[in-house]
């Protein structure tokens, strides 16, 4: 059963990569980036960014919760086996979603992932770091409470999850109040901060909370998902039907 699911995931990622290469009109044999990730994971933000900048890349299905050849290869480039992990065309490795997005924005300034204005760029980097340090970190506790508590029984795990989830939602409220959309978080056009916010807010009941507590910000997240350049990627990771 697991093998069937794994093959299905792998085929989806490989088909997506082939379609991307065809759409970009790249020459076979040209150096490409390698993105490690899994469906519904944080790799979606990096995949969307690569689509925005028009980079050629291949997708490798891998995650710490998916045993198999992909995980073995991921561990060789990232000992923590975390996704997303991006291997650049020179063989160097980038990890941490915010760091990857910042690097891509600096490498491809014309993409708009990071704005040219120093003031706006600084605020975007602040927002990316905020999500990574606060929201993404909280999700790691919710997913694996036993890593943060010795002799952690089921009842203790649930208390940790409940408290961390409540704190996570408070952190998103603060983010929504701190980073205004004009009309996107990155300014006039979609950028790195929009992509990371849209992906990380998918987890741990955050969207349902924001729909009630910050409806305008919730509407913005939906608009980000529907931006034509990245809409297909969000649909592939989180199908609406």
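Structural remarks
- Centre-to-centre separation between the Cα atoms of the range 161-239 and those of the range 44-84: 22 Å.
- Considering helices alone, the calculated mean residue ellipticity of the chain at 222 nm is -17500 deg cm²/dmol, with DSSP H runs of length four and up weighted by -39500 (n - 2.57) and normalised per residue.
- Subtracting the Cα-Cα distance of residue 58 and residue 222 from their residue separation scaled by 0.36 nm leaves 56.4 nm.
- FRET E, pair residue 189, residue 133, Förster distance 22 Å, beta-carbon r, rounded to 0.05: 0.30
- Three-way shape label, the range 106-241, alpha-carbon gyration tensor, a/c 1.5: prolate
- Global geometry of the range 152-197, whether rounded, prolate or oblate, following the gyration tensor of its Cα atoms and the 1.5 cut on a/c: prolate
- Modelled spin-label separation between residue 167 and residue 212, with each label point placed 7 Å from Cα along the Cα-to-Cβ direction: 2.1 nm.
- FRET efficiency, residue 150 to residue 76 (Cβ-Cβ, R0 30 Å, nearest 0.05): 0.45
- Relative contact order computed over the chain (Cα-Cα under 8 Å; 6+ residues apart), in percent: 18 percent
- Annotation for residue 117 and residue 231: the two label points, set 7 Å from Cα along the Cα-Cβ direction, are 2.8 nm apart.
Computed from the coordinates by the stated procedures, all read-outs in this text should not be read as laboratory data. Small disclaimer: the values here were computed from a predicted structure and weren't measured. Positions of Cβ are generated from backbone atoms using ideal geometry, with glycine treated the same way; all protein chains shown enter the neighbour counts.
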